[in-house]
Structure formats: C-alpha cells, structure tokens
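Here's the structure, in structure tokens; my notes come after.
The values are calculated or read from the model by the stated rules, or taken from the named source; none is laboratory data. It should be emphasised that the depicted structure is a prediction, and the values quoted were computed from it without experimental measurement. Positions of Cβ are backbone-derived with ideal geometry, glycine not excepted, and every protein chain shown enters the neighbour counts.
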Amino acid sequence: MYERRGGGLILSCSDESDLRLAEIVRELEIPVVLLDRELPVAWAHRVLVDHRQGIVEAVDHLATLGHRRIGFVGGTLVIRPGRERHQAFKAATVLHGLWDEQLVQLGPLTPEFGRLGAATLLSAPDPPTALIATDNRQSTGVLLALVGSGLQMPDDISFVGCGDVEALALHNPPITILNRPVEELGAEAAKLLLASLATATTDPIDRPVTRVLGSHLLIRKSTDFPRRAMRTAGAIR
C-alpha cells in the first residue's frame with residue numbers, strides 16, 4: 001500500500017477493530033471514501049447505508065403477521081453493517097416484546113454459516129416461525145438449510161432474505177428481502193472520490209462529507225402469518 005500509492009482510495013474493510021488499518025490510511029494522506037464502514041480517520045468521506053430502516057420494517061412486518069418467535073442470522077459486530085443490523089433487530093423486537101437472545105446467530109458472511117446458523121435455530125426445542133438473514137451470502141445458506149429441513153415457505157416458515165433483487169424474485173416462492181442500494185452505494189463513493197481528486201490536493205480534507213442511503217423491506221411471497229404455529233396450537237387445544 002505504501003509503495004503503490006494511488007490518487008485516492010475507496011475502502012471497505014472486513015474488521016474495523018484493526019487499529020493498524022486506520023493508521024495506514026491516515027499515513028497515506030490521499031482522499032479516502034469509506035464504503036459503509038467506520039474508521040477513526042477524521043478527514044475521510046463516508047457513504048453509509050441506514051441498515052436500521054430495513055430491519056425495523058422486517059420485524060414490524062413479521063410481528064404484524066403474528067410471528068412471536070423471529071430468528072436472526074447476521075454478521076459479526078466488527079463492521080458497521082453487522083452492528084447496525086443487530087442493534088436494530090434487538091431494538092425492534094424489544095419494542096414488540098419479542099426479544100430472545102437465543103434466536104440470534106452471528107458469524108462470518110458465508111453461505112456455510114448461514115446454513116449452520118439457520119439449522120441451529122430450526123433444531124431448537126421451540127424454533128422460530130420466521131427467519132431474517134441480513135447478508136446475501138448468508139441468505140443462500142439459510143435457503144439451503146430450509147430445503148434440507150423440508151420446511152416450505154411460507155406455509156411452515158416465513159423468511160426475509162437479503163441479496164440480488166431480481167434473482168430472489170425468481171425463487172419459488174419469490175423471497176421477501178432487505179433491499180439495499182448496492183449500486184447507488186458504489187456510485188456515490190466514486191462521485192465523492194472524483195470530486196476530491198478534482199481539487200488536486202493530497203492534504204487532509206477539511207470538510208469530510210457523509211452521505212446516508214436508505215434500505216427498505218421489499219415484501220414478496222416468502223412471508224405470511226405463522227400457519228405452522230397456529231396448527232400446533234390448534235392440535236394442543
């Protein structure tokens with residue numbers, strides 16, 4: 001990084017707790033745009049996503065349908081998206097009286113963890129009637145776990161995923177998703193960097209810009225009222 005300095009940098013790291021990374025970025029003294037990340041670099045521009053909005057909409061949607069046990073598969077807390085999504089999920093479920101730490105699985109942003117996290121939740125004595133996955137790769141794993149378990153959406157379980165809008169629309173049933181402005185995120189970061197480079201300076205930026213883009217829930221056919229729980233309750237009565 002030191003030997004091959006560029007004119008500017010768009011940065012998205014996998015671990016914000018790495019203090020050495022922030023030191024390296026500061027020492028570069030070039031325009032920097034942080035892509036949905038938080039680092040102690042005072043003069044860096046930031047393009048962020050409001051992850052809370054989509055998560056709150058998802059919890060509200062599922063709670064309104066009647067779900068009382070909502071499982072959550074998310075990323076670790078060492079990056080901003082993971083922290084925001086987890087905090088939003090906890091706040092929203094607390095508001096609805098649904099918070100249960102046992103229904104939360106946090107781990108790597110991989111299909112394998114998505115599958116293992118979902119399998120762990122589904123094998124519990126009192127499993128969730130709905131699942132939320134907050135990353136596209138984890139969503140793939142959750143879908144594999146649902147297929148392996150034989151559960152049908154939305155008859156047996158409701159699922160809110162995250163990922164490619166068009167691809168998940170082709171799934172049977174089409175998947176309700178947390179819709180993030182991925183393309184807009186990259187475009188805004190590029191605009192900020194080009195604007196910084198146009199000033200023809202490598203001095204630290206006096207007035208860093210922060211832009212926040214929204215996320216929202218896109219409701220399709222993979223979520224519905226908890227039929228399985230209602231059938232079980234009816235059988236018990």
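Numbers at a glance
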item	result
Odd one out for Leu122 among (1) touching a residue at least 60 places away in the same chain (Cβ under 8 Å); (2) at negative phi	(1)
Test result for Arg37, touching an Asp or Glu at 6+ places or on another chain (Cβ under 8 Å), charged (D, E, K, R), outside the structural domain of Ala145 (by TED's automatic domain parsing) and farther than 28 Å from Arg220 by Cβ	yes
Segment 45-68, residues that are assigned to a helix (DSSP H, G or I) and not hydrophobic (A, V, I, L, M, F, W, C)	His51, Arg52, Gln53, Gly54, Glu57, Asp60, His61, Thr64
Residue ID - surrounded by the fewest Cβ atoms within 10 Å (Cβ to Cβ), chosen from residues in segment 130-156 that are over 20 Å from the mean Cα position of the chain (by Cα) and in a loop (DSSP other than H, G, I, E, B)	Gly150
Any chance Arg137 is modelled with pLDDT under 95 and either over 26 Å from Val212 (Cα atoms) or touching a Leu at 6+ places or on another chain (Cβ under 6 Å) (or both)	yes
Count - residues of segment 8-52 that are crowded, with 16+ Cβ neighbours inside 10 Å and on the phi > 0 side of the Ramachandran plot	1
Every residue from segment 69-89 that is touching a strand residue (DSSP E or B) at 6+ places or on another chain (Cβ under 8 Å), under 24 Å from Phe225 (Cβ atoms) and assigned to a helix (DSSP H, G or I)	Phe89
Residues (assigned to a loop (DSSP other than H, G, I, E, B) and either closer than 10 Å to Ile219 by Cα or outside the structural domain of Ile157 (by TED's automatic domain parsing) (or both)) located in segment 168-179	Pro174, Ile175
